Structures are given as structure tokens and as C-alpha cells.
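S.K.: The structure follows.
The values are calculated or read from the model by the stated rules, or taken from the named source; none is laboratory data. Small disclaimer: the values here were computed from a predicted structure and weren't measured. Heads up, the Cβs are rebuilt from the backbone with ideal geometry, glycines too, and the neighbour counts pull from every protein chain shown. Areas reflect the complete protein model, heavy atoms only, side chains present, ligands, DNA and RNA absent. Shrake-Rupley method; radii C 1.70, N 1.55, O 1.52, S 1.80 Å.
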Amino acid sequence: MIPISEAIQIVLQQTTSLGTESVPLSEVLGRILAEDVIADSDLPPFDRAQMDGYAVRAADVARVPAQLPIVGESSAGAGWHQEMKAGEAVRIMTGAPVPAGADAVQQVELTREGNGSATVEILEPVKEGRSIVRRGDEIKSGATVLRAGEDINAAMIATLASFGYAQVKVAARPRVAVMATGTELVDVDQKPGRDQIRDSNNYTIAAYASQCNAIVNRLPLTGDNTEELKREISEAARTSDMVITSGGVSMGIYDFTKAALKELGAEIFFERVALRPGKPTVFGRLGKALVFGLPGNPVSVAVTFNLFARTALRAMQGATHPELEQDTAVLARDLKGSNDRESYLPAVLRTDEKGTLLAEPLKWGGSSDFVAFARATALINLAAGEKKTAGEVVSIMRLPA
Ligand code: AMP
Ligand code: MG
């Protein structure tokens, strides 16, 4: 049995980069950036009006009301490119360039046009610089605005678009084969017969892997039969970057996944982790493919996928932060870890009326209780033998949303 931290180190060591591809901007949401993004212009690219109103010189409207001739109009996309002189005003719209000579924009609500729109009356003084964003105030041309290894979120799309990234260099998508094993399993569209259950792991793992940008190949269900397992795993390993099996790795006499991997000549890096739930997790390599043999219990699958397989998939894509985000929270109820292993126990995060982040351990029936686990938003991490009481600070990992 190896400690979790060591298992994660091994996963990171064995993971190699998949390379990159150039993808249209409309398709990069959720992908991992493989290039630094550089501003190709100042932002804003010119002194920009932040309000609809009148460009003026603040000194000219220190005493109000002040009547000024309107000498031009600057609108977004069609600026007024002459020098505005003392005592003059230019009608201006949000997003339009501020003319040279003006040093403030007074908002339209504090003005009144007169004389058939030939003049404007400024009703309130305005401070120099008011409602103007100076060229380059937000970003200077040449600045690095996003870095390789970041997850591209929806807000970053604006940055990419604004600086002309019609095509974006991102990490290539890992090809992941997912394979549930167990003679008791039937597919989701079947009515389980006597002694049977529906497979859920294939779909769970596929869903989690998709969230890591994987191209998922969900393989047919495989019974507890070494020859069948060998055939399916070796075929999957040939055509995938990663194979993820579930089931058949514990100590039962029909647990054949490890035997199949070993007979195929897979290199096994670890096969037992000091983790609850998820002790019998297997990690190895077969040919070029990394192989994770996850336990069969659905909650163990969720925990071990997120600790190990997710980390590998994200590291393959050059993620700056491949692991789950760590944080701390205040425990809402007493909680006891496993005696001999580190525990990752499902919890719901919420804030109390003082704004303190609380981790509420889920009431669950153990590692088969996937219905309870569906509410979890984080895992509480306890060391072997650790006991914590309500009010103590605990370390947590946020689960992907
Ligand atoms: P195993 O690791 O194969 O001993 O399986 C542990 C438990 O998880 C058993 O109760 C299995 O029936 C259950 N299990 C295994 N595979 C799946 C699956 N794909 N979907 C749902 N439950 C499963
Ligand atoms: Mg089994």
C-alpha cells in the first residue's frame, strides 16, 4: 500500500504530453491552452468614452451652467478626428474615441442641447478624466494576458477574440477507452435479471473523462473472465492514450483485471493505495497506453478517477494545475477517518451566516452509495486514524462541477 501523495507523484511521472492542435475559437471552451496569449494592441486601442454625453474640457465647465458650441460628433466606429478647442464640445457616444483637446466626458443626463442642436448646456461640472478610459489603461500591447496550461473558461473567450485568436493552440484531446467489468452487469437499457445490476461506472467515467476533454470510447461490458478481459484491454490499449477499467481489482476469486494486465505484460506502477474509498486502485502501462484499474464500487470510482485519472488526463494536456483544487473549510459535524488509510469523504460545502465555509459530511451508506454521492461538492481529507470534531478546520478538495 502506498500513500496517496506518492501515487499521485507516480501518475505525474508516468504521464507524457500529448501534443497540441490548432482549434477554431468557437470550439475551445474547456480546452487547455497550449500557447501564451499576447495582446496585439493596446486596450482600449484609443482614448475611449465610457458614457454617452459630451466631450469637453473640464476647465470650461467649472462654472455651470456653461453653454458650449457643438463642433462635431464622435460615435463608436466613426470618430471625430480634429482638435477640439477651448470652449467647444463634441457630442460623443459610449465606445467612441475621445477627440484630442477634450479631457472629460459629461454624461448626457447632466446636459441639455439647444439652438437646434448647435449648442449644449452643461448643467454640472465634471472632473478631468471623467468617463474616459485612456489608451492602454487596461492592457498594453505585447502583454501576456493568458498563459499556456490554463483552462479556457467562458470569460477568457473575450480575451482570445479581442486579440485576434481566430485559431487557438490547445492541447490535443486524450483518447480514453472505458471498460466496466463484472459478470453481474447489464447495460442501462436492460432490465436486470436475477443477481444482476445495471452498469453505471461506464457512464460515470465517460462523463468525468469528457470533462477532461477526452474523446471517450465506451467499450461493451466485459464479464469476469481473464481471456475476455485480456482481449478487450489489449485492443483498447492499442488505440487509446488511456484505458480505464472498473471492477475486478479487489481480493475476490473472480477479480481478474490485475491478472489480465499482468498476463498481457503491462508494467504495474502501483496496485494498492492507502485510500478510503479506493484502496485496490491499479495504475500501469500497456504499450503506449496508461491503464487505470479502478475499483467497482461507484463512489470509489468517482474518488479514484478524480484523484488519479483526472490528474493524468490533465497533465497529459499540460495543465498548470492538474490536480483537484485544495482548500480548507470548517467541519460542520464530527468526522472520523479510516484507521489505516487516508480518507476522502464526500461533503457538501456551504457558507454560514458569518461567511465561514463549512464542509458538511454527507450521510452516506459507504462506497456503493452513488445516490448520496451525487450531492457531494467536495471531499474531506483525513489522515489515517484522524478524528475531527465540529468546528475544526479540515482540508478539502473541490470536486469538478
Ligand atoms: P468489484 O470491485 O468488481 O468487486 O465490485 C465492487 C462492487 O461494485 C460490487 O458490488 C459490484 O457489483 C459493483 N460494481 C462493479 N462494477 C460496477 C459498475 N460498472 N456499475 C455499478 N456497479 C458496479
Ligand atoms: Mg466484480
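S.K.: Work through the residues other than Lys230 whose Cβ is under 13 Å from its Cβ and net out their charges, Lys, Arg +1 and Asp, Glu -1.
M.R.: -2
S.K.: Right, another one. Working out 0.36 nm times the residue gap between Glu113 and Asp151, then minus their Cα-Cα distance, what length gain in nm do you get to one decimal? Let's see the in-between values first.
M.R.: On the way: separation 38, 0.36 × 38 = 13.68 nm, distance 4.98 nm.
Extending this stretch completely gives an extra 8.7 nm.
S.K.: Considering only DSSP beta bridges with both partners in the chain, what is the antiparallel share in %, to the nearest 5?
M.R.: 70
S.K.: Can you give the Kirkwood hydrodynamic radius for the stretch 41-94, in Å, rounded to one decimal and based on Cα pairs?
M.R.: 12.0
S.K.: Pull out a ≥ b ≥ c, the square roots of the eigenvalues of the alpha-carbon gyration tensor of the stretch 306-353, then state rounded if a/c is under 1.5, prolate if not and a/b is larger than b/c, and oblate in the remaining case.
M.R.: It is oblate, given that a/c is not under 1.5 and a/b is not larger than b/c.
S.K.: Next question. Taking springs between alpha-carbon atoms closer than 10 angstrom, which of Thr119, Thr389, Thr281 fluctuates most in the Gaussian network model of the chain?
M.R.: Of Thr119, Thr389, Thr281, the most mobile in the Gaussian network model is Thr119.
S.K.: Could you please state how large a percent of the accessible area of the stretch 81-188 is carbon and sulfur, counting protein chains only and using a 1.4 Å probe?
M.R.: 49
S.K.: Also, I was wondering about something else. Given the stretch 68-127, what percent of its DSSP beta bridges are antiparallel, to the nearest 5?
M.R.: 65
S.K.: To continue, here is another question. Where does the stretch 245-398 land on Rg/Rh, using Cα atoms and the Kirkwood Rh?
M.R.: 1.02
S.K.: Suppose the Debye formula is applied to equal point scatterers at every Cα of the stretch 333-379; what is log10 I(q)/I(0) at q = 0.22, 0.33 Å⁻¹?
M.R.: Listed by q, the Debye log ratios stand at -0.82, -1.25.
S.K.: Could you identify which residue out of Val133, Val64, Val28 has the top mean-square fluctuation in a GNM of the chain using Cα springs shorter than 10 Å?
M.R.: Fluctuation is largest for Val64.
S.K.: Over the alpha carbons of the stretch 137-231, what is the largest minus smallest coordinate on each principal axis, giving the biggest first in Å?
M.R.: 70, 27, 17
S.K.: Kirkwood Rh and Cα-based Rg: tell me the resulting Rg over Rh for the stretch 97-151, rounded to two decimals.
M.R.: In the stretch 97-151, Rg relative to Rh is 1.24.
S.K.: Return the tail of the calculated pair distribution for the stretch 12-101, meaning the percent of Cα-Cα pairs more than 22 Å apart. Walk me through the numbers on the way to the answer.
M.R.: Values: 2078 of 4005 pairs.
Beyond 22 Å sits 52 percent of the P(r) for the stretch 12-101.
S.K.: Here is a further query. Where the Cα atoms of the stretch 30-181 are projected onto their three principal axes, how long is each span, largest first, in whole Å?
M.R.: For the stretch 30-181, the Cα spread along each principal axis is 83, 32, 24 Å.
S.K.: Turning to a different aspect of this structure: Between the helical axis of 4-14 and the dominant principal axis of the chain, each derived from Cα atoms, what acute angle in degrees is found, rounded to the nearest 10?
M.R.: Its long axis makes an angle of about 80 degrees.
S.K.: So what's the gap between the Cα centers of the stretch 241-294 and the stretch 56-71, to the nearest angstrom?
M.R.: 78
S.K.: Let me ask another. When the helix-only estimate is applied to the chain (DSSP H runs of n ≥ 4, each -39,500 (n - 2.57), divided by the residue count), what is the mean residue ellipticity at 222 nm, nearest 500 deg cm²/dmol?
M.R.: -5000 deg cm²/dmol
S.K.: Let me ask something additional. In nm, to one decimal, how far is the His81 label point from the Ser395 one, both placed 7 Å along Cα→Cβ?
M.R.: That separation, rounded to one decimal, is 6.0 nm.
S.K.: Cα axis of helix 226-239 to longest principal axis of the chain: angle in degrees, 0 to 90, nearest 10?
M.R.: Value to nearest ten degrees: 30.
S.K.: Can you list, largest first and rounded to whole Å, the semi-axes you get for the stretch 1-56 by taking the square root of 5 times each eigenvalue of its Cα gyration tensor?
M.R.: Values for the stretch 1-56, descending: 47, 17, 11 Å.
S.K.: Tell me the Kirkwood hydrodynamic radius of the chain in angstroms, computed as one over the mean inverse distance between distinct C-alpha pairs. Walk me through the numbers on the way to the answer.
M.R.: On the way: mean 1/r = 0.0396 Å⁻¹.
Over the chain, the inverse of the mean reciprocal pair distance is 25.3 Å.
S.K.: Starting from 0.36 nm per residue, how many nanometres of slack lie between Thr226 and Glu267 once their C-alpha separation is accounted for?
M.R.: Working: separation 41, 0.36 × 41 = 14.76 nm, distance 1.73 nm.
Going from the current span to full extension adds 13.0 nm.
S.K.: Mean-square fluctuation check for the chain, GNM, Cα pairs under 10 Å: which of Asn339, Asn306, Asn201 is largest?
M.R.: Ranking Asn339, Asn306, Asn201 by mean-square fluctuation puts Asn339 first.
S.K.: Determine the order of Tyr254, Tyr203, Tyr54, Tyr208 by accessible area, beginning with the largest, at a probe radius of 1.4 Å.
M.R.: Sorted descending by solvent-accessible area, the residues read Tyr254, Tyr203, Tyr208, Tyr54.
S.K.: How big is the dipole moment of the chain about its Cα centre under a simple scheme where the beta carbon of each Lys and Arg is +1, that of each Asp and Glu is -1, and everything else is neutral? Debye, nearest 20, please. Intermediate results must be reported in sequence, preceding the final value.
M.R.: Working: 42 positive and 50 negative charges, 154 e Å.
Charge dipole of the chain: 740 debye, to the nearest 20.
S.K.: Using a 7 Å offset from the Cα along the Cα-to-Cβ direction at both Leu25 and Arg333, what is the distance between the two label points in nm, to one decimal?
M.R.: Once both label points are built, they end up 4.9 nm from each other.
S.K.: Next question, about the same structure. Can you give the angle from 0 to 90° between the axis of helix 201-211 and the longest principal axis of the chain, with both taken from C-alpha atoms, to the nearest 10?
M.R.: Rounded to the nearest ten degrees, it is 30.
S.K.: Now for a different question. Based on Cα positions only, what radius of gyration and what Dmax would you give for the stretch 258-337, in angstroms?
M.R.: 15.0, 48
S.K.: Using the Cα centre of the stretch 280-351 as the reference point, and only Cβ charges (+1 on K/R, -1 on D/E), how large is the resulting charge dipole? Debye, rounded to the nearest 20.
M.R.: Here the stretch 280-351 has a charge dipole of around 220 debye.
S.K.: Also: Over the stretch 226-286, one equal point on each Cα, no solvent: what is log10 I(q)/I(0) by the Debye formula at q = 0.14, 0.18, 0.21, 0.23 Å⁻¹?
M.R.: Debye intensities relative to I(0), on a log10 scale: -0.37, -0.61, -0.82, -0.97.
S.K.: Per residue, how much accessible area does the chain have with a 1.4 Å probe, in Å²?
M.R.: I get 47 Å² per residue for this part.
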